Amino acid sequence: MKKLNLLILDDNAAMRRVIARVLCMGGFADGRVFEAQEGEAALEILRREKIDLIFLDINMPGLNGLGFLQKKVADAALAPIAVVAITASGAEENRVLLKPYCMAFVQKPFTPEELNSAVAGLPIWS
């Protein structure tokens, strides 16, 4: 499996730690893991570090997940970075809005198996 650098963007520090731990246990966090609690901080990390995969919460104060995604795709250097949405909001309209930006969706609360299964199925591993 490739070593990928990950960015976990979630306003809840405990959730960021849980996601990182689950990914590590699943063997997906062999590279560096970066964390941000809001969208602007995440954009700064993306501009200075090589990130391969983003785990994104949608509902955050400040620059929320959709706003972050819109800014990310507007930047040609950042647009190709893969995104997995991890959100408590399972509303179908959110999935429709986010589908063009995200490779996978994981509903909170999730089991380690659900998160790792979603990540394992991503084409970035080939």
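Since every read-out is calculated from the coordinates, none of them should be taken as a lab result. These numbers come from a predicted model, not from an experiment. Ideal geometry is used to build each Cβ from the backbone, glycine not excepted, and the neighbour counts take in all protein chains shown.
Compared with the alpha-carbon gap, the fully stretched path from residue 45 to residue 120 is longer by 24.6 nm at 0.36 nm per residue.
Normalised Debye scattering of the chain at q = 0.10, 0.11, 0.18 Å⁻¹ gives log10 I(q)/I(0) of -0.26, -0.31, -0.92, counting only Cα atoms as equal scatterers and leaving out solvent. Couplings for the range 37-50, taken from phi via the Karplus curve 6.51 cos²θ - 1.76 cosθ + 1.60 with θ = phi - 60°, read 9, 7, x, 5, 5, 5, 4, 4, 4, 4, 6, 10, 10, 8 Hz in order; Gly and Pro are left as x. Calculated FRET efficiency, residue 107 to residue 2, Cβ-Cβ distance, R0 = 30 Å: about 0.70 to the nearest 0.05. Each residue, residue 77 and residue 99, gets one label point 7 Å from its Cα in the Cβ direction; the gap between the two is 3.2 nm. Label separation (residue 89 vs residue 30): 3.5 nm, computed from points 7 Å beyond Cα along the C-beta direction. Entry note, the chain: relative contact order of 24 percent, from Cα contacts under 8 Å with a spacing of 6+ residues. Estimated purely from DSSP H runs of n ≥ 4, each contributing -39500 (n - 2.57), the mean residue ellipticity at 222 nm for the chain is -11500 deg cm²/dmol once divided by its residues.
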